[in-house]
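The values are calculated or read from the model by the stated rules, or taken from the named source; none is laboratory data. It should be emphasised that the depicted structure is a prediction, and the values quoted were computed from it without experimental measurement. With ideal geometry, Cβ positions are generated from the backbone for all residues, glycine too; neighbour counts draw on all protein chains shown. When the accessible area is computed, the model is the full protein with side chains, heavy atoms only, and any ligands, DNA or RNA have been set aside. Shrake-Rupley method; radii C 1.70, N 1.55, O 1.52, S 1.80 Å.
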Amino acid sequence: MAARQPFTDTDTADEAVRATCDDATTCKRFATSKGYWKDPYIQYFVRSVGDRKAPEINRGYYARVQGVNHLLDAFLRKTQCDSQVINLGAGLDTTFWRLKDENLMPRKFFEVDFPTVVARKIHNIKTKPPLSKPIIETHSTDSLLLDAHSLESDRYCIIGADLRDISSLDEKLKKFQLNPELPTLLLSECVLVYMTPSQSSNLVHWAAETFHTAMFINYEQVNMSDRFGQVMIENLQRRQCTLAGVQACQTLDSQKDRFLKTGWEHVDALDMMTVYSMLPQDDVARIEHLEFLDEKELLQQLLQHYNICWATKDKLNLGLSQLAF
């Protein structure tokens, strides 16, 4: 019998990163239970609403969800859904079901995450008819592939892979009918920051090389060199969670540089305070009445330390560089 590999620091770090998937899902579950936005599917991944989250956390997640969805939906409308989406480090995200309900389904929706995260998601899908039924409804044949670490249907595909291993990622996606000729949207939320700068640059470069018409949306930390940023880093380190890619999170310019240096043509970035101020203000007014916020400065600081950076390349001249807030 082969000797078991020793448990390394990398394993501990990866485990801590996997735990951030639960954090995000429980925070989203709580915010939706308060009415910040509607997500009828998240309850099938996190049963209980859990402990109360501070109002600034709920508003932060609201800005994140609305901001990312705004750009994603704009891309799908611009391509008339004749496109594909790859959610990198998707965790227990429910976007596939939302897009189906809103008739905004791309040709195919791919998700990639650590095999252990994928196994959990697939188990939930298999055992919860409200999750499995929409997948079956969008599938035309009997050949639905479902095993512990992958799901493959006509319109939805979940793959267990390590985003740091580009050749394996590329091979798995192509095996599941990824089409490099289709306009493609890639999405990563608090994912690149856990990879070293060279690893995330390799991933972003692979995307630019693989797709001639594409958009990459990246949501993560920014302005991390000030005191507030340092406290965020220390809090995560206490949980064995190292921000290996924090170097690219110093400024909006350093966020944009990662894409400009790897083959992307047009790049924009905004901190989340700016995004929050550009969201539909009638809905912002509605959510601001849901809970009293004592510390407006704290919300402002929090939102100034996250950003959305989006990059495009547009061989088909669809006008992707015009997509913005």
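No other residue among LYS34, LYS53, LYS28 is surrounded by fewer than 18 Cβ atoms within 10 Å (Cβ to Cβ) and of a type in the set (D, E, K, R) apart from LYS34. Scanning the range 167-226 for residues that are open to solvent by 10 Å² or more (accessible area, probe 1.4 Å), among the polar types (S, T, N, Q), within 26 Å of LEU318 (Cα to Cα) and not in a helix (DSSP H, G or I) yields GLN177, ASN179.
Of all the criteria given as (1) in a loop (DSSP other than H, G, I, E, B); (2) closer than 24 Å to GLN304 by Cα; (3) of a type in the set (A, V, I, L, M); (4) at pLDDT 95 or above, the one not satisfied by LEU163 is (2). Inside the range 41-50, residues that are in contact (Cβ under 8 Å) with a residue 60 or more places away in the chain and surrounded by fewer than 16 Cβ atoms within 10 Å (Cβ to Cβ) make up a count of 0. Number of residues in the range 154-166 that are open to solvent by 40 Å² or more (accessible area, probe 1.4 Å) and in contact with a strand residue (DSSP E or B) (Cβ under 7 Å, 6 or more places away or on another chain) equals 1.
When the range 286-301 is examined, which residues are found to be within 13 Å of TYR36 (Cβ to Cβ) and open to solvent by less than 60 Å² (accessible area, probe 1.4 Å)?
ILE287, GLU291, LEU293
What number of residues within the range 247-266 are β-branched (Val, Ile, Thr) and open to solvent by less than 20 Å² (accessible area, probe 1.4 Å)? Final tally of qualifying residues: 1. Against the numbered list (1) farther than 20 Å from TYR36 by Cα; (2) modelled with pLDDT of 95 or more; (3) of a type in the set (A, V, I, L, M); (4) open to solvent by 20 Å² or more (accessible area, probe 1.4 Å), LEU236 comes up short only at (2). Selection of the range 61-78 for residues being of a type outside the set (A, V, I, L, M) and surrounded by fewer than 22 Cβ atoms within 10 Å (Cβ to Cβ) yields TYR61, GLN66, ASN69, HIS70, ASP73, ARG77, LYS78. Here LEU151 clears all of (1) in a helix (DSSP H, G or I); (2) without any contact (Cβ under 8 Å) to a residue 40 or more places away in the chain; (3) hydrophobic (A, V, I, L, M, F, W, C) except the condition numbered (1). Pairs linking a residue in the range 58-80 that is farther than 15 Å from GLU102 by Cβ to a residue that is part of a loop (DSSP other than H, G, I, E, B) and open to solvent by 20 Å² or more (accessible area, probe 1.4 Å), with Cβ atoms under 6 Å and 6 or more positions apart or on different chains, are LYS78/LEU318.
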